[in-house]
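As structure tokens, the structure follows; a few thoughts come after it.
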Amino acid sequence: MGMGQSFSSTLLRQELEKIFVSQQKNQQGHPATYIPELAKANRDHFSLALVTTQGEVLAFGDKEVRFTMQSTSKPFLYSLALKTKGPEFVHSKVGVEPTGEAFNSIIELEEKSHRPFNPMINSGAIATTSLIAGVTTDEKFLAIQKHFQELAGKPLDLDEKVYLSEKATAHRNRAISYLMKYFNVLEEDIEETLDVYFRQCSLLVTTVDLAMMAATLANKGRQPQAGKQVLSPEEVSRTLSLMFTCGMYDSAGEWAFNVGLPAKSGVSGAVFAVVPGKFGIAGFSPNIDEKGHSYRVSEAIKEFSKILNLSIFS
């Protein structure tokens, strides 16, 4: 079957609902604690959403609940940098290799070039943030917010509390940034760059919003409902390649092997995956594992991919 296969809405709805019901019992993991504001998340919240390239929406569970994007923002941030600066310039500052390390590893810079390994880890995303056009931090953040809103097809708000909580506790990200500044990888002001980075991580979405953004990637950069070409197919293909090799951090290989789809997770409990040409799928449940992935959502997407034979290699 594989990629040439087309799926009826009925089949997608049935299978997604079945998996949703079976994962509801899964109580493994707990909310992230290293960002105090995220530790307050409701453990029971759980939702799954799927948006097709035609713009059809299927959603189950707490689909009205909003959560901060955290690292699920990184592929979209990278796509904006590509769009405005072009791949050559972006990759003079950020590499394309998986690290095999955790998302917030201090060993995040290549030995010779001192670039961050890739845009999907914290150091790479901070370096990518510094490339976004704008004179002030507000201008840079608004450019990111506008890009994300075009992908989602609706306005997205900032969670002020999470943003301030991250800003107050981000000593590790500051350490990584000073290292990049030392090696001239980061040319912009550290605090200003981090301010923009924390704000874009703190943008609020629902699972439907995230699935819609994923569906825009599945649809070669054309927003499924608005019909607007937000990214070029080439920008999308670069973004999906890096999501596939680096999006799930130190379990990226295992994910590629078992699920076979480009995906990205965030410590708020969000995970999304892209089935090129077909649909985007996203989920939210704040109970995460030691690698920073939501237990319920990872299992749900893994199961869904297996049942429908979605791997890009099948």
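Coordinate-derived values only; no laboratory data. None of these values were measured; they are calculated from a predicted model. Backbone-built Cβ (ideal geometry, glycine too); neighbour counts: all protein chains shown.
How large is the Rg to Rh ratio of the stretch 1-151 when both quantities use alpha carbon positions and Rh follows Kirkwood?
Working: Rg = 19.0 Å, Rh = 18.5 Å.
For the stretch 1-151, the value is 1.02.
Tilt of helix 233-246 relative to the longest C-alpha principal axis of the chain, in degrees (0 to 90, nearest 10)?
Taking Cα atoms only, the helix is inclined about 90 degrees.
Ranking request for peptides 286-296, 180-190: highest mean number of other beta-carbon atoms within 10 Å first, then the rest in descending order.
Working: 286-296: 22.0, 180-190: 16.4.
With the highest mean Cβ count within 10 Å placed first, the list reads 286-296, 180-190.
Using a 10 Å cut-off on Cβ atoms, rank the peptides 238-244, 166-172, 249-255 from the highest mean neighbour count down. Can you show the working numbers first?
On the way: 238-244: 21.7, 166-172: 15.6, 249-255: 18.3.
Descending packing order for the listed peptides: 238-244, 249-255, 166-172.
So what's the stretch 1-52 giving for Cα Rg divided by 2.2 N^0.38 Å, two decimals? Write down the numbers at each step before the final one.
Details: Rg = 15.8 Å, N = 52, 2.2 N^0.38 = 9.9 Å.
For the stretch 1-52, the normalised Cα radius of gyration comes out at 1.60.
Helix 171-182 sits at what angle to the longest principal axis of the chain, using alpha carbons and giving 0 to 90 degrees rounded to 10?
Value to nearest ten degrees: 50.
Let me have the relative contact order for the chain, percent, based on Cα pairs under 8 Å that are six or more residues apart.
28 percent
Would you kindly derive the ³J(HN,Hα) couplings of the stretch 153-159 from the backbone phi angles with the Karplus curve 6.51 cos²θ - 1.76 cosθ + 1.60 (θ = phi - 60°), listing them in order in whole Hz, with x for Gly and Pro?
So the Karplus estimates, Gly and Pro as x, are x, 6, x, 10, 9, 9, 8 Hz.
Taking Cα pairs under 8 Å and at least six residues apart, what relative contact order does the stretch 27-169 come out at, in percent? Please list the in-between numbers first.
Values: 142 pairs, mean separation 29.9, N = 143.
21 percent.
Normalised radius of gyration for the stretch 152-296, please: alpha carbon Rg relative to 2.2 N^0.38 Å, two decimal places. Intermediate results must be reported in sequence, preceding the final value.
Working: Rg = 16.3 Å, N = 145, 2.2 N^0.38 = 14.6 Å.
The stretch 152-296 yields a ratio of 1.12.
From the phi of every residue in the stretch 40-54, what ³J(HN,Hα) in whole Hz does the Karplus formula 6.51 cos²θ - 1.76 cosθ + 1.60 yield, where θ is phi - 60° and glycine or proline is x?
7, 4, 7, 4, 7, 4, 7, 8, 10, 9, 9, 10, 7, 5, 8
Tell me, what ³J(HN,Hα) does each residue in the stretch 299-314 have, in order and in whole Hz, if you take phi through Karplus 6.51 cos²θ - 1.76 cosθ + 1.60 with θ = phi - 60° and put x for Gly and Pro?
Once rounded to whole Hz, the list reads 5, 4, 5, 4, 5, 4, 5, 5, 4, 9, 6, 8, 3, 5, 9, 7.
Need one number for the chain: average projected area of the convex hull over its C-alpha atoms, nm². Please report the intermediate quantities before stating the final value.
Details: hull surface 55.7 nm².
Average projection, Cα convex hull of the chain: 13.9 nm².
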